[in-house]
C-alpha cells in the first residue's frame, strides 16, 4: 500500500486530452498524423467536416445557379459528349425536352442531396477499405474509425468547390463550364473534352493534385487506425483508386 499523499507514476500522469474538432480541421493540413492518432484513441466525431463540406458544396451550387444556370450546365455536358449528342439527334423535340428536364432535375437533386449521397458513398468506401486493410494486411481497424478517417482525409477535396466558385465569379463563360471538371487541379481541366479522346480525357482528369493529396492522407490515416505500416495503408488507398480509374478509363475506351 502506498502512503497517504504519495501517488504512483501512473496516477500522477495526466490523461491525454483529445483534440477539438477545430483542432482536427487545422491539423489535417499541418499535422495530419495527430488527427488520425486522436481518432484511434476513440475521438471519432466527424460532424464538423460534414457541415463544412455541405456549406462549400452549396456555395458552389449557388454560384452555378446564379452565374451559369443548371440548364446551361446540362446543355454543356451534352455538347461535350459526342455519344450524348448522337442520342439526342435521334430523338424528337419533345423527347429531347423531356430528357433535358430529367437531366436538370437529377443534377439539382445530386447537389441538394449532397450530404446524404456523401454519407452513403463514405459508408461504401469505408467498408471496402476496412476489408482490405484488415484481411489483406492484417490490420485491426474499426469501421467507425475508418469512417471518421475518410471525412478528415477528404478535407483537401473541399479546395475544389472553393476554386470552382472563384473561377465562376471571375467571369467564366457559361458555355465553357464543365460541371464534371470545374476546378483547375488536374491535367484534364486544361484539355478540350470535345477534341480529346474520352478515355484519355478521363485518365488526364484522374491525375489530380488534390485527389493525390487526399489519397496520401487516407493511406496514412488507415495505417494509423489499423496499426499497420504506412506502406500498407498507401497500397490499400491508392490500389482502390487505381482500380476505379482503370474501370472508368477502360469503359470509356470500350464505349468510344
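General observations
- Averaging the Cα positions of each part gives two centres, and for region 140-196 and region 68-109 these lie 22 Å apart.
- Taking a ≥ b ≥ c as the square roots of the eigenvalues of the alpha carbon gyration tensor, region 217-256 is prolate, as a/c is not under 1.5 and a/b beats b/c.
- Shape of region 88-132, Cα gyration tensor, a/c cut at 1.5: oblate
- Between 0 and 90 degrees, the angle of helix 159-169 with respect to the longest Cα principal axis of the chain falls at about 40 degrees.
- Principal axis dimensions, region 121-223 - Cα atoms, whole angstrom, descending: 50, 29, 19
- Measuring how big region 104-178 is from its alpha-carbon positions, Rg and Dmax come out at 17.0, 51 Å.
- Rounded tilt (10° steps) of 93-112 against the dominant C-alpha axis of the chain: 20
- Pair-distance distribution P(r) for region 27-76, from all Cα-Cα distances in 10 Å bins starting at 0: 22, 30, 21, 18, 9 percent.
- More than 22 Å apart - percent of Cα-Cα pairs taken over region 32-255: 58
The numbers here are math on the coordinates, done by the rules we state, and not lab data. Since this is a predicted model, take the numbers as computed values, not measurements.
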